[in-house]
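Scroll down for the structure; my scribbles are underneath it.
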Protein chains: 4
Amino acid sequence: MIYFNCDYNEGAHPQVLDMLCETNMEQTDGYGEDIYCSRARGVIRKLCGKEELDVHFLSGGTQANLTVITAALRPHQGVLAAETGHINVHETGAIESCGHKVLAVPSKDGKMTAGQVEAAYRSHIEDESFEHMVQPKLVYISNPTELGTIYSRAELEALSVVCRKNGLYLFMDGARLGYGLTAEGNDLDLDVISSLCDVFYIGGTKVGALFGEAVIISNPVLQEDFRYIIKQKGALLAKGRLLGVQFLALLDKGLYFKIGKRANDLAEEIRRACRKAGYPFFVENNTNQIFVIMDDEKLDKLREKYAFSYQQRVDESHSAVRFCTSWATTEENARKLAEDILDGKIE
Amino acid sequence: MIYFNCDYNEGAHPQVLDMLCETNMEQTDGYGEDIYCSRARGVIRKLCGKEELDVHFLSGGTQANLTVITAALRPHQGVLAAETGHINVHETGAIESCGHKVLAVPSKDGKMTAGQVEAAYRSHIEDESFEHMVQPKLVYISNPTELGTIYSRAELEALSVVCRKNGLYLFMDGARLGYGLTAEGNDLDLDVISSLCDVFYIGGTKVGALFGEAVIISNPVLQEDFRYIIKQKGALLAKGRLLGVQFLALLDKGLYFKIGKRANDLAEEIRRACRKAGYPFFVENNTNQIFVIMDDEKLDKLREKYAFSYQQRVDESHSAVRFCTSWATTEENARKLAEDILDGKIE
Amino acid sequence: MIYFNCDYNEGAHPQVLDMLCETNMEQTDGYGEDIYCSRARGVIRKLCGKEELDVHFLSGGTQANLTVITAALRPHQGVLAAETGHINVHETGAIESCGHKVLAVPSKDGKMTAGQVEAAYRSHIEDESFEHMVQPKLVYISNPTELGTIYSRAELEALSVVCRKNGLYLFMDGARLGYGLTAEGNDLDLDVISSLCDVFYIGGTKVGALFGEAVIISNPVLQEDFRYIIKQKGALLAKGRLLGVQFLALLDKGLYFKIGKRANDLAEEIRRACRKAGYPFFVENNTNQIFVIMDDEKLDKLREKYAFSYQQRVDESHSAVRFCTSWATTEENARKLAEDILDGKIE
Amino acid sequence: MIYFNCDYNEGAHPQVLDMLCETNMEQTDGYGEDIYCSRARGVIRKLCGKEELDVHFLSGGTQANLTVITAALRPHQGVLAAETGHINVHETGAIESCGHKVLAVPSKDGKMTAGQVEAAYRSHIEDESFEHMVQPKLVYISNPTELGTIYSRAELEALSVVCRKNGLYLFMDGARLGYGLTAEGNDLDLDVISSLCDVFYIGGTKVGALFGEAVIISNPVLQEDFRYIIKQKGALLAKGRLLGVQFLALLDKGLYFKIGKRANDLAEEIRRACRKAGYPFFVENNTNQIFVIMDDEKLDKLREKYAFSYQQRVDESHSAVRFCTSWATTEENARKLAEDILDGKIE
């Protein structure tokens, strides 16, 4: 069985693992106060072009989302998110468990627009019973989104403007950021993101690390006492240097972006096969997730050799499914899948 | 200014107030362990035809909702509710504040159907990532609903069947129950409700009491340790007998239903005027809330004399508004409003 | 049976009840936005000598405590309280239920000293693992305390100085404030308290109201969005005017202080009998709670006629118990108890 | 600088790291549903002698504690713990953040006795205001404790008997279990522990793993829906196999116990030096933590070469400090420290 069902089927990129092995028996302080975390923070600040950023290393996406949102909000405040947003559907109510309502906004492509944020904010403050309703305070977006789409610089700027005007925090979930920033058509970079967002994270788990997300906080209000919240949520890794080491290996010399780009290229090869074979896309995008609509018969056949994930039924005989490439996908496997989609060799 | 904006503009029905005055200087135990609470419990058990019910008296609707739901759910479990449900929109995230997601279900008339509950439940347990999603465990309905509609016995039975089959709790918010049980077309009573629901409440605040909701728990699982939860939520009234006295005054000799019926009759008088004047209803119902669509000019004129609440814009020149009658509405005021709607005398 | 077990055995002072009756059928806005709440706020601001205070009316003490503390703290922050403090022992973990640890400080007389607060604060910030510990942020005191003792102006000033120096909030639970401010030896008043505390409340439930606590917020940081939190906690009374009316009746012409003083005087009469009969006090104080140590035989005899509360065993044959007077205690009953303590007539 | 300040200064035992490297590029399912987690579960069940155990792999101790306790308790229930317990002092209020009070019990050696549990339980149910107090429901112990002491089989049996009699859950934090089970005088094993406790964990982070704790649930009530809670708390590692692989490497052939024993032996060498040099112990124990009292001058000198942790001041010129050995401590470093304590060579 070849796995295309997600982007975390393997361990870590060999260069990441090597660095973990090399540093394994060194003695360091715990809880992220070691030299590797410190160096990784330096690299990230440099990539963002800002010395004043706070950088914290957490273990996973849900953990990062709930820690950031807990730190940012007062009890009566909620999170605006696309209805497809990970926090709204796939984290077992982690945000609500921390006391906050997710205020879901309709979305077709996984994105939320500045106009939607403005409308939600206005609708709240103009309601005569506003104190009887959750106060929107933080805008949660992911880039790439759950549907593999990416925000343009113009879209992100517009969101940032609306948020700042209305006193809202802008938070970007970057669990797959490496695939987003290297996608065709992308015009964002870490400098721009760290300028426009109050807080965001660079995902490691899905882009070459064993595990780990680097949370970057630019808004000083959100920086205060953040480590207390990390500890309280059970998210302060004892051997924090494991995260520092991994992000150093990924970011110090550009490995993160190289492997992100490569995964996108392999995804494009599979997309080309889909196009050629006449399978329409459920969502158009250029990152490592491919959402395609196929007839159920074809899907049954592919299931014999490949693991992929089911998205939803489209009509009586067709379904949308998702294939993911990742930093670990081999050219051989991508080629095989492309050929099986085409029912023929690619020369 | 004459108030039709809600059903809690006045204090208590005079008979309720009289009983509070008569008993005022008696010494009793606190926290609902007095003779009046005990007698009120007896009356309620008799009206429900069941001796084994637990009855607790709380101060208000949001308090009742959050206390019941907190007591019923484990942390990963959520509440199915119509998207218009009070807990979903007008309680400042009280349920999320207690850690639970409200799983909103589309609804046109404020009701949720058995089919919707079954579909939501199935969709959860059939999802391969079910552990990554909030588990539906309690079905929250209100009767009458936020839109003044009522559940038929058949509808409630169907909900109850689906809930029991799937291990879900059925909870009825009865903040306006007195208006629902006396509405034209109603075929429910306390006996049936207490048989079909695991927990429900009889609302006093909006139907003749100064304040108070009588929470009735028929499911023994939900009865356990409920008073601890009441206390923890700040909902255990020191002078609990105030609530016992009020429910005794309301329920012992049928006052509650008499004043409920009267409010519905006055609402019907206003509805008749609307029909005669050609104003369509935003929602059709038979309880004390009237949802009617009028042109903005007419509304501006009515606003000079009456307070009512704005529901939503319908088109460029029309809006839906809500007029409420209550146990306290005078015949004179209802008549005045009807005439002003008609722009003419009613003989 | 004559009740001395607590200070909430009866309803409301007749003048309070009269005003509720007189205003009963008036139509007002809900949720505390009526003319009576507004007038009561004005009276309180005047008594405190400050126009800029926020005043909110809640239903009970636990509710007031959990609402204020929820509004004041971020998730990693905790409350310093005497180990005997109500929030630490008798509210079923209401504060923890809102996510905050109560950091209990030893206390013999129910009070916490400025020195203890300073020590707790220092010990936190000087610990190298401070981020692994709950951050003390709010100091909770009650006046009178659970043991009926009161803070002197000098003690409160010292607490206030320490709190402000260290960025801590000072919160006074005034559930029995009326008995404290009229006690012999008291040198506090509402002006001083509202100057020294960031937030406090004037208790109505135990001092003449049916129910109700007036929360007064002087610190502008704590004022922000407080009504959202009230609503979220189920503490926003629909007919808020009930609370406004009661506090107006109690405070407008000094009734609150008159009845507080009277209860203290009756307590003193009972204390005199104890002294004369040779029963030592468990705690020395001058407010409406009497903590006295008696032999178990005497207590058994008193139990035949009186309800009082058990404090704790002192030795094999003696126990400490509590007798409470209140605004409602009759001179006749106080005299009876005094005589039964003395086993003889008082001429 | 040589680190003896904690037992997590290095990465993983080489055999653990080797297995991570060997399996690195294999494709597996995520979230702990892979073959390695499955095999590790099998090994643990065999070591415990019970097929019906649920085994879950989490990333760290605070995370394990908060997840287990959240899953086990209803909102009004609390945790009995020694006042020195990790959850009570060093997890930034993680348990309170989940809504539960930690009911701290005095302890001199870090342990809680069956008698203390029985007394706390009785005191709760016999209090007439029991519903106004947090209900004790779970007993949290750690083995070894925070002070390095261990429970005897007789002590654990007594705790288990009291817990079962009173419907309390018994939960053992085994963050350092490997050092406890191989300590001189220990008479516990995994079979006994899994029979006597409702839930416990085998700590990996401090005993040879990069990170990870294996939570073992024997009580079927606590097994239900546990994975939902893991996910909600952000504790469901995407690449769960990382934890399975590590526990397999540690437990399959006894490595875990071998390295635990070795660390204890090195600690004993240091203890011998302390005894010989005349330094008294702050706490007597036989595990990898050494609590010794030294004069401040000596400590200053040791600080030049060694990192260790400060426990508390004992008198004007003496302090208690902690030295930790671990699976990674070298014989050379242990010897050096012993000699520097003795101010002389050990031949």
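The values are calculated or read from the model by the stated rules, or taken from the named source; none is laboratory data. For clarity, every value in this text was computed on a predicted model and none was experimentally measured. Neighbour counts run over all protein chains shown; Cβ positions are idealised from the backbone, glycine included. Remember, those area values only see protein heavy atoms, side chains included, never the ligands or the DNA or RNA. Shrake-Rupley method; radii C 1.70, N 1.55, O 1.52, S 1.80 Å.
Points worth noting:
- C:Gly244 open to solvent by less than 10 Å² (accessible area, probe 1.4 Å), touching a residue at least 60 places away in the same chain (Cβ under 8 Å) and not assigned by the TED database to the domain that holds C:Arg164: no
- For region B:263-273, the criterion of being more than 23 Å from B:Ala175 (Cα to Cα) and more than 23 Å from the chain's Cα centre (by Cα) is met by at least one residue.
- Candidates are the residues of region C:278-307 that are closer than 25 Å to C:Ile259 by Cβ and among the charged types (D, E, K, R); the one that is nearest to the chain's Cα centre (by Cα) is C:Glu284.
- If the condition is being within 14 Å of chain C (Cβ to nearest Cβ) and either among the acidic types (Asp, Glu) or in contact with a Lys or Arg (Cβ under 7 Å, 6 or more places away or on another chain) (or both), then region D:129-156 contributes D:Glu131, D:His132, D:Val134, D:Glu146.
- Residues that are modelled with pLDDT under 95, within 24 Å of the chain's Cα centre (by Cα) and either farther than 23 Å from C:Leu210 by Cβ or of a type in the set (Phe, Trp, Tyr) (or both) do occur in region C:312-319.
- B:Val199 being closer than 23 Å to B:Lys46 by Cβ, touching a Phe, Trp or Tyr at 6+ places or on another chain (Cβ under 7 Å), touching a residue at least 60 places away in the same chain (Cβ under 8 Å) and within 14 Å of chain C (Cβ to nearest Cβ): no
- Some residue of region C:7-24 being touching a residue at least 24 places away in the same chain (Cβ under 8 Å), over 30 Å from C:His90 (Cα atoms), over 22 Å from the mean Cα position of the chain (by Cα) and assigned to a loop (DSSP other than H, G, I, E, B): yes
- For region A:214-234, a residue qualifies if it is touching a His at 6+ places or on another chain (Cβ under 9 Å) and within 20 Å of A:Asp173 (Cβ to Cβ), and the qualifying residues are A:Ala214, A:Val215, A:Ile216, A:Ile217, A:Phe226, A:Ile229, A:Ile230.
- Residue within region D:116-128 that is within 14 Å of chain B (Cβ to nearest Cβ), acidic (Asp, Glu) and touching a Lys or Arg at 6+ places or on another chain (Cβ under 7 Å) present: no
- Of the candidates C:Phe323, C:Phe291, C:Phe282, the single residue that is in contact with a Phe, Trp or Tyr (Cβ under 6 Å, 6 or more places away or on another chain) and closer than 19 Å to B:Asp29 by Cβ is C:Phe323.
- Scan of region B:209-230 for residues that are open to solvent by 10 Å² or more (accessible area, probe 1.4 Å) and of a type in the set (D, E, K, R), ordered by number: B:Glu224, B:Asp225, B:Arg227
- Complete set of residues in region D:73-101 that are of a type in the set (S, T, N, Q) and more than 7 Å from every other protein chain (Cβ to nearest Cβ): D:Gln77, D:Thr84, D:Asn88
- Filtered residue count, region D:290-300, keeping only those that are more than 29 Å from D:Val207 (Cβ to Cβ) and part of a helix (DSSP H, G or I): 4
- All of (1) more than 24 Å from A:Gln116 (Cα to Cα); (2) in contact with a Pro (Cβ under 6 Å, 6 or more places away or on another chain) hold for A:Leu242 with one exception: (2).
- Selection of region A:190-203 for residues being hydroxyl-bearing (Ser, Thr, Tyr) and either part of a loop (DSSP other than H, G, I, E, B) or within 18 Å of A:Thr145 (Cβ to Cβ) (or both) yields only A:Tyr201.
- Considering residues of region B:264-289 that are in a loop (DSSP other than H, G, I, E, B) and open to solvent by 10 Å² or more (accessible area, probe 1.4 Å) only, the residue farthest from B:Ile202 (Cα to Cα): B:Gly278
- Scanning region C:301-347 for residues that are over 28 Å from C:Lys108 (Cβ atoms), open to solvent by 80 Å² or more (accessible area, probe 1.4 Å) and either in contact (Cβ under 8 Å) with a residue 24 or more places away in the chain or in a helix (DSSP H, G or I) (or both) turns up C:Lys301, C:Lys305, C:Glu331, C:Glu332, C:Arg335, C:Asp343.
- From D:Thr62, D:Thr67, D:Thr28, residue being facing another protein chain (nearest Cβ under 8 Å), in contact (Cβ under 8 Å) with a residue 24 or more places away in the chain, out of contact with any Lys or Arg (no Cβ under 6 Å at 6 or more places or on another chain) and of a type in the set (S, T, N, Q): D:Thr62
- Options A:Lys261, A:Lys165, A:Lys206; residue that is basic (Lys, Arg), free of Cβ contacts under 8 Å to residues at least 60 places away in the same chain and either surrounded by 21 or more Cβ atoms within 10 Å (Cβ to Cβ) or in a helix (DSSP H, G or I) (or both): A:Lys165
- Selected residue (criterion: nearest to the other protein chains (Cβ to nearest Cβ)) from residues of region C:1-25 that are crowded, with 20+ Cβ neighbours inside 10 Å and among the acidic types (Asp, Glu): C:Glu10
- In this structure, A:Glu128 qualifies as at pLDDT below 95 and open to solvent by 20 Å² or more (accessible area, probe 1.4 Å).
- Verdict on C:Ala238 being within 30 Å of B:Thr28 (Cα to Cα) and open to solvent by 10 Å² or more (accessible area, probe 1.4 Å): yes
- Tally, over region C:31-55, of residues that are free of Cβ contacts under 8 Å to residues at least 60 places away in the same chain and of a type in the set (Asp, Glu): 1
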